[in-house]
Amino acid sequence: MPECWNQRYSLTSELPCVSYGLQNYTHLFPNTGSGLDLACGLGQNAIFLTNHGLTMHGWDYSTAGLKQMLHHCGMQKVEVNQRCIDLTDTPWPNQMFDLICVTAFLSRTLCPQIISHLNPGGMLVYQTFNQVTHIAGEALSKPRRPAFLLARGELLELFNELEPLVYLDEQELAHLDHPLAGKALLIARKPLTV
């Protein structure tokens, strides 16, 4: 699997757009502390959050993606702590974060670890694909395997230990050009006490 992402990222040079959830709800996020961009890809979200004031970590298992991210960090004169790691097979580093963001990635088995690596009061920003595959008769560009697609309300269930602040699940969205077309977004906070 890393080989297909390495091939894809080796052909990509332009930095993708920052996720909708990060761009539109920045006022909810801390501007100090540490953050993690999980499955960071080319690092656009980690770079954005570094510019917001967080000390960011970017974890991914694509060496080509991390190399591209290093290039983009250099161009923007920011630093993101990178780690090449397959989190589905490797124990997580013993680190805690004030914010964790995940975009366009879904591994349900990692959800408990995401929660456990958030500091009390820490924020989760999770945006990925739901089960909508067509809007207005046009196919959306997204994974086709059900394992990578969220059911209605599933993010709320997966992170039911967190306090939801924003939840959008565009199952009925009729506009292809909306940034959340065919996606779900959860922004949630870990309680200060359990």
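The values are calculated or read from the model by the stated rules, or taken from the named source; none is laboratory data. Computed from a predicted structure; not experimentally measured. Heads up, the Cβs are rebuilt from the backbone with ideal geometry, glycines too, and the neighbour counts pull from every protein chain shown.
Miscellaneous remarks
- Considering (1) free of Cβ contacts under 8 Å to residues at least 12 places away in the same chain; (2) of a type in the set (Ser, Thr, Tyr); (3) in contact with a strand residue (DSSP E or B) (Cβ under 9 Å, 6 or more places away or on another chain), the lone condition that THR90 does not fulfil carries the number (3).
- Note on segment 29-128: enclosed helices (runs of 4 or more DSSP H) holding 2 or more residues that are among the small types (Gly, Ala, Ser) and over 11 Å from the mean Cα position of the chain (by Cα) are 63-76.
- Scanning segment 151-170 for residues being assigned to a loop (DSSP other than H, G, I, E, B), modelled with pLDDT under 95 and either among the charged types (D, E, K, R) or touching a Phe, Trp or Tyr at 6+ places or on another chain (Cβ under 6 Å) (or both) gives a total of 2.
- Pairs with Cβ under 8 Å, 6+ apart, first in segment 1-30 and at pLDDT 55 or above, second buried (at least 17 other Cβ atoms within 10 Å of the Cβ) and of a type in the set (Phe, Trp, Tyr): VAL18/PHE48; GLY21/TYR126; LEU22/PHE29; LEU22/PHE48; GLN23/PHE48
- Residue list for segment 59-74, restricted to those being in contact with a Leu (Cβ under 7 Å, 6 or more places away or on another chain), crowded, with 24+ Cβ neighbours inside 10 Å and either small (Gly, Ala, Ser) or modelled with pLDDT of 95 or more (or both): GLY65
- Contact annotation: residue pairs with Cβ atoms under 6 Å, 6 or more positions apart or on different chains, pairing a residue in segment 171-194 that is at pLDDT 80 or above with a partner that is assigned to a loop (DSSP other than H, G, I, E, B) and of a type outside the set (Lys, Arg), are LEU180/GLU170; GLY182/VAL132; GLY182/LEU140; ILE187/TYR25; ALA188/PHE159; ALA188/LEU162; LYS190/LEU162.
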